[in-house]
Amino acid sequence: MKLPRKPKQWLSEIQHAVDAVYLELEKHEQGGKKQFEAVLDVVIGRIAERRGIEPAKIGEKTGEIVEALGEYLKSVPQEKRDWAGIVTFLYVKYHQVLDLVNEQEMAGILISKDQELHKS
């Protein structure tokens with residue numbers, strides 16, 4: 001299993017996941033449990049594909065991920081919440097709980113993503 005080595009590589013990989021999520025969201029009505037489940041399925045599928053891990057093994061961590069997402073969203077102002085930020089958090093957090101990246105690496109990726117967003 002090969003992990004991205006540089007923040008730009010992570011950001012490219014995450015952006016592909018974000019793009020896939022937006023394509024999937026076009027198929028669903030606004031909001032709701034089904035829409036969120038679709039987002040999780042896309043993120044899990046992307047990680048499974050990129051890392052060669054069974055989706056079921058990744059899915060076992062979903063409870064922990066959703067709990068962490070709730071805490072994360074409490075720290076983000078409502079007007080700054082969007083699917084791109086949520087997908088970025090989910091993508092990196094799954095890697096962390098699967099012990100593929102540590103907390104410091106996770107923070108570095110999220111900071112790089114935040115800096116990229118502020119450039120736009």
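The values are calculated or read from the model by the stated rules, or taken from the named source; none is laboratory data. Note that the coordinates shown come from a computational prediction; the quantities given were computed from them, not determined experimentally. Quick reminder, even Gly has a Cβ in these numbers, built from the backbone with ideal geometry, and neighbours come from all protein chains shown.
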Helices (runs of 4 or more DSSP H) contained entirely in segment 16-99, each with at least 1 residues that are at pLDDT 95 or above and acidic (Asp, Glu): 33-51, 62-74
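Taking segment 46-72 as the region of interest, how many residues are within 22 Å of residue 11 (Cβ to Cβ), of a type outside the set (D, E, K, R) and free of Cβ contacts under 8 Å to residues at least 12 places away in the same chain? Steps first, answer last, please.
So in segment 46-72, the residues within 22 Å of residue 11 (Cβ to Cβ) come out as 46-53, 58, 65, 68-69, 72.
Right, trim to of a type outside the set (D, E, K, R) and you get 47-48, 52-53, 58, 65, 68-69, 72.
Checking the rest, the ones that are also free of Cβ contacts under 8 Å to residues at least 12 places away in the same chain come to 48.
Residues that pass the stated criteria total 1.
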Residue match in segment 30-41 (condition: in contact with a Ser or Thr (Cβ under 6 Å, 6 or more places away or on another chain) and either more than 18 Å from residue 116 (Cβ to Cβ) or crowded, with 16+ Cβ neighbours inside 10 Å (or both)): no
Close pairs from segment 89-116: first closer than 16 Å to residue 48 by Cβ, partner not in a helix (DSSP H, G or I), Cβ under 6 Å, at least 6 apart: 95/101; 97/61
Residue count, segment 100-113 (criterion: surrounded by 13 or more Cβ atoms within 10 Å (Cβ to Cβ) and part of a helix (DSSP H, G or I)): 8
